[in-house]
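The structure appears right after this line, and notes come after that.
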Amino acid sequence: MPEAIPDLVRCPHCGAGNPAGADWCGQCLRRFHQPLSGNGSAAEAPHDESVAPAAIHAAAGPAIRTRDGGEPLWICPACETENELTATNCSRCGSAFTSFFVNGTAEAPPTVSTAMAIGSSAALPGAGHLMMRQTGPGIARAVLYLWSVGIALLLLVWPPHGAKAIVRGVGALFALSAAGIWVLSMLETLRSVEGERGLLVPPKVLTWFTAGMTGLLFAGLLTAAFLGR
């Protein structure tokens, strides 16, 4: 069930929608209670040199862009993918747009060393994502990896008596799947440590891949059962 969109408060300066209770606009960074200047617009906020540009970009939240036809779009701050204005999560990386607004400020990025993140991902794909606060992608990769490893061991080590070649072939494909997920998780964890929040494989692609491997498993077992009669 999609996440409900919270009540929005329109910025008097740029008109962007912000979650109710926000202290400042996530689009133009104007404080809502800031006094207006003589021309009726919000006064310029003082420039703070101590704020890093990356932090300002994250605090801005999802930007709004319009298509040629004038239709507004959300621009995901994590992967810069265009999304429909009614979307609550990015269609590419799965980031929740509301997570970029926390009382008008951005959540501080996790401070995780490269060695710790990569080591965790090497021990269990998805663990590095969890350390970088990418809960959904981390759980998905961990579950898919463990499932692929379990099926591969079952089919390669304890194949049925009939059609062992087919069963072991399917098991080898699952072993390759587990290796691919391991490499993918390592690369994505390294990107996250370096500041890249976007995922290399979107959630939809991972879902279709899982469905395809499940279909392959059933087809292989049915074929083995038929030939083993």
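Throughout, read-outs are computed from the coordinates displayed, never taken from laboratory work. Being a predicted model, the structure only gives us computed values, none of them experimental. Every residue, glycine among them, receives a Cβ derived from its backbone with ideal geometry; neighbour counts consider all protein chains shown.
Values computed for the structure shown
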item: By average C-beta atoms within 10 angstrom, highest first, the peptides 124-130, 134-140; result: 124-130, 134-140
item: Length gained when the stretch L154-M116 is fully extended (0.36 nm per residue, less Cα-Cα span); result: 10.6 nm
item: L85 versus R133: modelled label distance in nm, points set 7 Å from Cα along the beta carbon direction; result: 2.9
item: With eigenvalues of the C-alpha gyration tensor scaled by 5 and rooted, segment 104-229, Å; result: 36, 14, 9
item: Projected label distance in nm at F218 and V143, using a 7 Å step from Cα toward the beta-carbon; result: 1.8
